[in-house]
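Encoded as structure tokens, the structure appears first; notes follow it.
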Amino acid sequence: MTIGVLGQSNPAANTNTTVYTVPASVSATCNISVVNTGPTTSAVNVAIAATGTPAASEYIEYQTVIPPNGVLERGGMVAQTGKNIVVYATTSNISATVYGFEQ
């Protein structure tokens, strides 16, 4: 069982980025923290998706605005084998961390 930080990324602007993929034969209970480390507002999308390109039905946050030095926290996510936690941001000053445990 893995516990703690499951994935981290500094996504490029306007690009879907897979921060974490649930490994084979496990499920994951996790949280995501998305931090705006820059001086400008950023809009972010977060999805639990089958691929690195989410379908409209897979978003759990969509165009959520994070102010400079702000944070978006989303907890209690449960994802099964093969699912991806995907982040998209309108700026490159975003840091995304997925943490939790696999079982």
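The values are calculated or read from the model by the stated rules, or taken from the named source; none is laboratory data. Given the structure is predicted, the values throughout are model-derived calculations rather than measurements. No Cβ is skipped: glycine too gets one built from the backbone with ideal geometry, and neighbour counts run over all protein chains shown.
The chain holds strands (runs of 3 or more DSSP E) entirely within its bounds, and those carrying 1 or more residues that are of a type in the set (Gly, Ala, Ser) and in contact (Cβ under 8 Å) with a residue 60 or more places away in the chain map to 3-9, 28-36, 84-89, 94-102.
Table: residues versus (1) in contact with a Pro (Cβ under 7 Å, 6 or more places away or on another chain); (2) modelled with pLDDT under 95; (3) under 15 Å from MET77 (Cα atoms).
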{"residue": "VAL34", "(1), (2), (3)": "no, no, yes"}
{"residue": "THR40", "(1), (2), (3)": "yes, no, no"}
{"residue": "VAL44", "(1), (2), (3)": "no, no, no"}
{"residue": "ALA49", "(1), (2), (3)": "no, no, yes"}
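Kindly evaluate THR64 against the criterion of being touching a Ser or Thr at 6+ places or on another chain (Cβ under 9 Å) and among the β-branched types (Val, Ile, Thr). Spelling it out, it is not the case that THR64 is touching a Ser or Thr at 6+ places or on another chain (Cβ under 9 Å) and among the β-branched types (Val, Ile, Thr). Counting the residues of the range 18-34 that are surrounded by fewer than 17 Cβ atoms within 10 Å (Cβ to Cβ) and more than 11 Å from the chain's Cα centre (by Cα) gives 6. All of VAL71, VAL44, VAL65 fail the test of being under 12 Å from SER95 (Cβ atoms) and either surrounded by fewer than 13 Cβ atoms within 10 Å (Cβ to Cβ) or of a type in the set (Asp, Glu) (or both), apart from VAL71.
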